[in-house]
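Written below as structure tokens is the structure these notes are about.
The values are calculated or read from the model by the stated rules, or taken from the named source; none is laboratory data. Computed from a prediction, not measured in an experiment: that's the story for all the values here. Every residue, glycine among them, receives a Cβ derived from its backbone with ideal geometry; neighbour counts consider all protein chains shown.
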Amino acid sequence: MEVIDYGWLALLPALTTLVISFWSKNVLLGLLCGILLGGVVTGQYNIVNAFLLPSLGSERYAYILLVYLWALGGLIGVWNRTGAAQHFATTAANRFVNSRRSAKVFAWVMGVVFHQGGTISTVLAGTTVKPVADREKVSHEELAYIVDSTASPIATILPFNAWPAYIAGLIAIDSLREIIPDEQSAIDWFWRAIPFNFYGIIAVTFTLLLALDKLPWIGRKMRAAKTRSMETGELDRPGATPLLTRELGTAEVPEGYTPSLIDFFVPIGVLLGLSIGPLLFGGSSMILEAFSLSVISAMVLAVIRGMSLNSVFDGMLTGIKGVTIGAVILGLAVTLGNVSEALGAAKFVIDNTSGLLQHVPYILPGVLMIICMFVSFSIGSSWGTYAVIFPIALPLAYAISPDTTFFALNFGAILGGAVFGDQCSPYSDTTVLSSMACGSDLMDHVLTQLPLALAAAGISIALYVAIAFVSFL
């Protein structure tokens, strides 16, 4: 089949989505317009058959329904009914939290503890700390930033998770056989690149400093959110539309049921045990099974402890209804990603930057980070960006210079650049789930977090260029 080169038009759907999302603060509208424009560019005007049905019938969207909608929503709903997360947070708060600052530090610590990245980190950290953060009047924008910025970034600098194995499968290729002879060597290179993952390190550090109220600059919108919550107690701006519906904002424990820490720790233990446990024995993380059995265990435990079956199911259904909008956004994001892939957006970006590198090779790490930032921001996925960029960029870096420091610099730049987009894109799963778990308006979260993330990225790019320039002297 003939491959069509769409040129700069390959970027149009993603760019249109971003422009409309930021202009209207309506991600659903932006996604729908981007998908429609993809149909116009490709000439496949029936976008339902061309893009929506294949995407919504894909395995990835099935995961969204099962994990993000049914399991995640169900777990939040059951916890809302048992009071589990709120009870845990209150218990922890009585020991560790007595102010806005300590609540934010508690959120940061939970993000580090739940360092698996993506779904697990955002859900566990967000649902755990939200009750106590709400009590201490931490704005939902601040909380969502802390949760989001300790999800994927921390996963790349504390990689006791599936990330090294996934990337190893992408870079253990013939063109890198001299420097990466097998997958174990590829995993070793992941670890060697951690000190050069400047964005991950700086993003996590910025988040800690913000939690400690020691970050000298936090951006106008984040400062406004902080001031609003401190002066008025309002956790969201007037007119905001939190992804977590108000029915899930406070616990609705039935009369006669006493919340217990066991209601929190049993589902969390199941979730962590199945998602992390297999990795310790050389297996694969069982994400779907972990979330499914977690919500089932929460329901069964509630019944055993005396809650009626009807009340448990009502809680689960309320939770599912409460996160429906997030699942819809993620489903359309999958569709837009498939549109961008069909247009060859990532290939266009790479092809149009590689020529310059022959003359100024020391800018390669910085350029790769910018490319990864743009691609991942456009498609809303760090792993999707890795799949496209790593197999192309690392052989290019090794061809320019076999120096191991230069290779590690480029490795780290790709790691961090892709995480930037994953963290900041309004249709990334971690961005949506952070907003959902923390009860934040999605675009408020994006617009308050973006200046801080861009500052961390700018510092990282400058470091890459400076270190690479010195290495070529």
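For first residues located in segment 367-395 and free of Cβ contacts under 8 Å to residues at least 12 places away in the same chain, partners that are crowded, with 24+ Cβ neighbours inside 10 Å and of a type outside the set (Lys, Arg) and lie 6+ apart or on another chain with Cβ distances below 6 Å do not occur. Given the condition within 30 Å of Asn98 (Cα to Cα) and either of a type in the set (A, V, I, L, M, F, W, C) or crowded, with 17+ Cβ neighbours inside 10 Å (or both), answer yes or no: does some residue in segment 163-170 qualify? No: segment 163-170 contains no residue that is within 30 Å of Asn98 (Cα to Cα) and either of a type in the set (A, V, I, L, M, F, W, C) or crowded, with 17+ Cβ neighbours inside 10 Å (or both). All told, Ile20 meets the bar of being within 21 Å of Asp444 (Cβ to Cβ) and of a type in the set (Val, Ile, Thr). So Met230 passes all but one of these: (1) closer than 19 Å to Arg135 by Cα; (2) free of Cβ contacts under 8 Å to residues at least 12 places away in the same chain. Which condition number does it fail? Unmet for Met230, out of (1) closer than 19 Å to Arg135 by Cα; (2) free of Cβ contacts under 8 Å to residues at least 12 places away in the same chain: (2). Step by step: first the residues of segment 58-109, then only those that are among the basic types (Lys, Arg) and surrounded by 22 or more Cβ atoms within 10 Å (Cβ to Cβ), then the one that is farthest from Ala155 (Cα to Cα). Which residue is that? Taking the candidates together, the pick is Arg81. In segment 282-301, the residue that is modelled with the lowest pLDDT out of those that are at negative phi and not in a helix (DSSP H, G or I) is Ser285.
Scanning segment 310-325 for residues that are of a type in the set (Gly, Ala, Ser), modelled with pLDDT under 85 and either closer than 26 Å to Ala155 by Cβ or not in a helix (DSSP H, G or I) (or both) turns up at least one hit.
Consider Pro216 carefully, then state whether it is modelled with pLDDT of 90 or more, farther than 24 Å from Ala107 by Cβ and surrounded by fewer than 21 Cβ atoms within 10 Å (Cβ to Cβ). So Pro216 does not fit the description; no. Taken as a whole, segment 98-105 holds no residue that is out of contact with any Leu (no Cβ under 8 Å at 6 or more places or on another chain), within 24 Å of Ser382 (Cα to Cα) and at pLDDT 80 or above. Just to be sure, is Gly458 within 25 Å of Arg223 (Cβ to Cβ), in contact with a Leu (Cβ under 7 Å, 6 or more places away or on another chain), in the same structural domain as Gly73 (by TED's automatic domain parsing) and of a type in the set (Gly, Ala, Ser)? Against the criterion (within 25 Å of Arg223 (Cβ to Cβ), in contact with a Leu (Cβ under 7 Å, 6 or more places away or on another chain), in the same structural domain as Gly73 (by TED's automatic domain parsing) and of a type in the set (Gly, Ala, Ser)), Gly458 does not qualify. Restrict the check to segment 395-402 and report whether at least one residue is buried (at least 24 other Cβ atoms within 10 Å of the Cβ), closer than 30 Å to Ala468 by Cβ and more than 13 Å from the chain's Cα centre (by Cα). Taking every residue of segment 395-402 in turn, at least one turns out to be buried (at least 24 other Cβ atoms within 10 Å of the Cβ), closer than 30 Å to Ala468 by Cβ and more than 13 Å from the chain's Cα centre (by Cα). For segment 412-434, indicate whether the set of residues that are among the charged types (D, E, K, R) and either in a helix (DSSP H, G or I) or surrounded by 20 or more Cβ atoms within 10 Å (Cβ to Cβ) (or both) is non-empty. The answer is yes; a qualifying residue exists. Taking Tyr464 as the residue in question, decide whether it is at pLDDT 95 or above, surrounded by 24 or more Cβ atoms within 10 Å (Cβ to Cβ) and out of contact with any strand residue (DSSP E or B) (no Cβ under 9 Å at 6 or more places or on another chain). Here the answer is yes, as Tyr464 does meet what is asked.
All of (1) of a type in the set (Gly, Ala, Ser); (2) touching a Phe, Trp or Tyr at 6+ places or on another chain (Cβ under 7 Å); (3) farther than 30 Å from Lys104 by Cα hold for Ala165 with one exception: (2).
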